[in-house]
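See below for the structure under consideration.
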Amino acid sequence: MRKTGKVNNMAKVFAVAEPLFDSQIEVQAYYLHGKNSDSLFDADVKNSGDALQSPTLDIVGQMGTEPFAGSYPMFVPVNEFQLLSGLPASLGIFPSKLIVVVGKDIPFNGAVYQKCEDLKEQGYELAAEGLLGSISPDLFFELFDYLILDYLSQNFKRDFTAMRPHIFKIKFVINNVPSMEAFDSVSKLHGAMFSGDFYSAPVTKGSGEISPIKMNALHLLGQINQEDFELIDVAEIIERDAALSVSLLRFINSAGGFRGTKRVESIRQAVAIMGQNEVKRWATVAITSQLGEDRPSEITRLSLLRGKFAENLADAYELGMLKSGLFISGLLSLLDVILQKPMAEAIADVAVDARIHNALVNKRGIIYEVMELIIAFGRCDWYGVAVNLYRNKVNADLVAQAFIDALVWYRELLERMEEEE
């Protein structure tokens with residue numbers, strides 16, 4: 001059963017599912033990073049936890065993997081205590097959905113070996129977080145399906161070179177790939193998966209013309225961000241784009257649209273029924289999806305999550321009057337990546353509020369405080385998160401819940417979109 005809504009006792013857990021891509025930059029899996037919010041100022045190491053707790057397994061136990069990873073498998077770290085206690089098998093999650101990550105800090109003794117064997121017999125795949133020097137190569141390849149290497153580690157080249165001859169014995173996962181140049185240097189590795197900032201790094205130099213379809217979408221985005229736009233003008237722009245027209249009519253006529261409304265057959269009727277606020281909200285999401293069609297699908301997902309996460313943080317940052325602006329800021333925060341242009345150029349055709357422009361282009365102002373938090377959160381920069389929360393006097397529990405609620409919202413949005421198709 002799909003688990004939605006608020007999550008009990010999870011307000012103190014920060015959890016981020018990082019996408020793992022293949023060589024074609026298509027998502028193949030996710031890696032769940034977690035942090036207990038009451039230990040934010042600890043050493044800034046991902047997935048840290050004490051001997052008895054793992055925030056990642058805690059939240060997976062309550063929510064399952066779907067809100068984080070959808071239909072994809074998810075890599076989830078476990079600690080020694082959890083492994084010896086029979087987790088994650090006792091969580092009731094299908095083995096095909098969860099790949100168990102065994103960290104380098106787990107002593108590989110007889111008891112741990114037996115638990116790993118038990119998990120393998122139950123159908124779980126195992127991933128080793130780096131080379132485990134305490135076991136023989138033959139045993140390593142017998143137990144583990146994946147080897148996780150950190151591109152930024154000082155030992156990466158050594159370990160990568162040592163293991164590359166065994167490419168058909170184990171699958172590689174290379175984390176923290178920082179740029180497209182770095183990605184190009186490792187992406188030819190057979191069957192490997194990759195994570196890092198390479199797919200969403202800010203663009204500093206333009207790369208070509210924008211297609212007419214995208215220009216029309218940007219024109220619409222600029223129109224709806226006018227302080228008091230005319231619905232008839234918006235309708236005329238939508239009518240010039242078949243994909244947006246179909247999307248709008250499906251939305252308003254679907255169960256997720258406007259209940260009690262007779263079937264709507266025209267764009268002008270639809271925008272008149274919806275009004276400015278709903279048209280603006282629908283159009284912003286629809287346009288972002290359309291603009292990102294030729295980028296990795298994860299860009300659209302991340303844009304939508306950032307938008308909702310930012311909106312959910314409005315009250316925590318005492319910006320209740322700026323909820324709409326926060327949503328738009330998060331949604332457009334990857335516009336440079338989507339259009340492959342520097343942000344100042346990408347946003348030039350979008351008539352956003354001066355505060356949004358200041359946040360996205362100049363990285364300043366009250367909205368940027370929220371954007372800075374969201375970006376640090378997404379990168380699992382827990383120290384950066386902690387500094388931001390301390391500076392703005394924001395309750396960490398509210399932030400954790402705001403992100404969980406954004407995940408639930410995104411899953412429900414996908415379900416509505418699937419119903420419309």
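What the table shows:
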{"read-out": "Residue that is modelled with the lowest pLDDT, among those in the range 108-156 that are polar (S, T, N, Q) and farther than 17 Å from Asn79 by Cβ", "value": "Ser136"}
{"read-out": "Residue within the range 305-319 that is buried (at least 21 other Cβ atoms within 10 Å of the Cβ), in contact with a helix residue (DSSP H, G or I) (Cβ under 6 Å, 6 or more places away or on another chain) and within 15 Å of Ala283 (Cα to Cα) present", "value": "yes"}
{"read-out": "Helices (runs of 4 or more DSSP H) wholly inside the range 53-108 that include at least 1 residues being in contact (Cβ under 8 Å) with a residue 12 or more places away in the chain and under 23 Å from Ser153 (Cβ atoms)", "value": "55-63, 80-84"}
{"read-out": "Scope the range 76-128; condition more than 24 Å from the chain's Cα centre (by Cα) and among the small types (Gly, Ala, Ser); matching residues", "value": "Ser85, Gly86, Ala89, Ser90, Gly92, Gly110, Ala111, Gly123"}
{"read-out": "Single condition His357 does not satisfy, out of (1) touching a residue at least 24 places away in the same chain (Cβ under 8 Å); (2) surrounded by 19 or more Cβ atoms within 10 Å (Cβ to Cβ)", "value": "(1)"}
{"read-out": "Filtered residue count, the range 132-152, keeping only those that are in a loop (DSSP other than H, G, I, E, B) and under 22 Å from Gln28 (Cβ atoms)", "value": "4"}
{"read-out": "Residue ranges of helices (runs of 4 or more DSSP H) in the range 281-388 with at least 1 members within 26 Å of Phe198 (Cβ to Cβ), at pLDDT 90 or above and not polar (S, T, N, Q)", "value": "297-312, 323-332, 343-346, 366-378"}
{"read-out": "One residue from Leu189, Leu231, Leu218 being outside the structural domain of Phe140 (by TED's automatic domain parsing) and either more than 25 Å from Ile347 (Cβ to Cβ) or modelled with pLDDT of 90 or more (or both)", "value": "Leu231"}
{"read-out": "Test: residue in the range 192-199 that is out of contact with any Pro (no Cβ under 8 Å at 6 or more places or on another chain) and modelled with pLDDT under 90", "value": "no"}
{"read-out": "Condition check for Arg301: closer than 28 Å to Ile404 by Cβ, surrounded by fewer than 20 Cβ atoms within 10 Å (Cβ to Cβ) and under 22 Å from the mean Cα position of the chain (by Cα)", "value": "yes"}
{"read-out": "Residue within the range 115-124 that is surrounded by 18 or more Cβ atoms within 10 Å (Cβ to Cβ) and either under 23 Å from Gly196 (Cβ atoms) or out of contact with any Leu (no Cβ under 9 Å at 6 or more places or on another chain) (or both) present", "value": "no"}
{"read-out": "Residue satisfying condition, being more than 29 Å from Thr56 (Cα to Cα), surrounded by 19 or more Cβ atoms within 10 Å (Cβ to Cβ) and of a type in the set (A, V, I, L, M, F, W, C), within set Leu407, Leu339, Leu326, Leu331", "value": "Leu339"}
{"read-out": "Meets criteria (charged (D, E, K, R) and either at pLDDT 80 or above or not in a loop (DSSP other than H, G, I, E, B) (or both)) for Lys6", "value": "no"}
{"read-out": "Qualifying residue in the range 163-180 (condition: closer than 30 Å to Asn362 by Cβ and assigned to a helix (DSSP H, G or I))", "value": "yes"}
{"read-out": "Enumeration of residues in the range 292-313 that are under 12 Å from Ile374 (Cβ atoms) and not polar (S, T, N, Q)", "value": "Leu302, Leu305, Arg306, Gly307, Lys308, Phe309, Ala310, Glu311, Leu313"}
{"read-out": "Failed item in (1) over 30 Å from Ala201 (Cβ atoms); (2) without any contact (Cβ under 8 Å) to a residue 40 or more places away in the chain, with Phe251 passing the rest", "value": "(2)"}
{"read-out": "Answer residue from the range 360-393, given it is surrounded by 21 or more Cβ atoms within 10 Å (Cβ to Cβ) and among the β-branched types (Val, Ile, Thr) and is nearest to the chain's Cα centre (by Cα) among those", "value": "Ile374"}
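The values are calculated or read from the model by the stated rules, or taken from the named source; none is laboratory data. The structure presented is a predicted model; accordingly, all values stated were derived computationally and were not measured. Cβ sites come from the backbone with ideal geometry, for glycine too, and all protein chains shown count toward neighbours.
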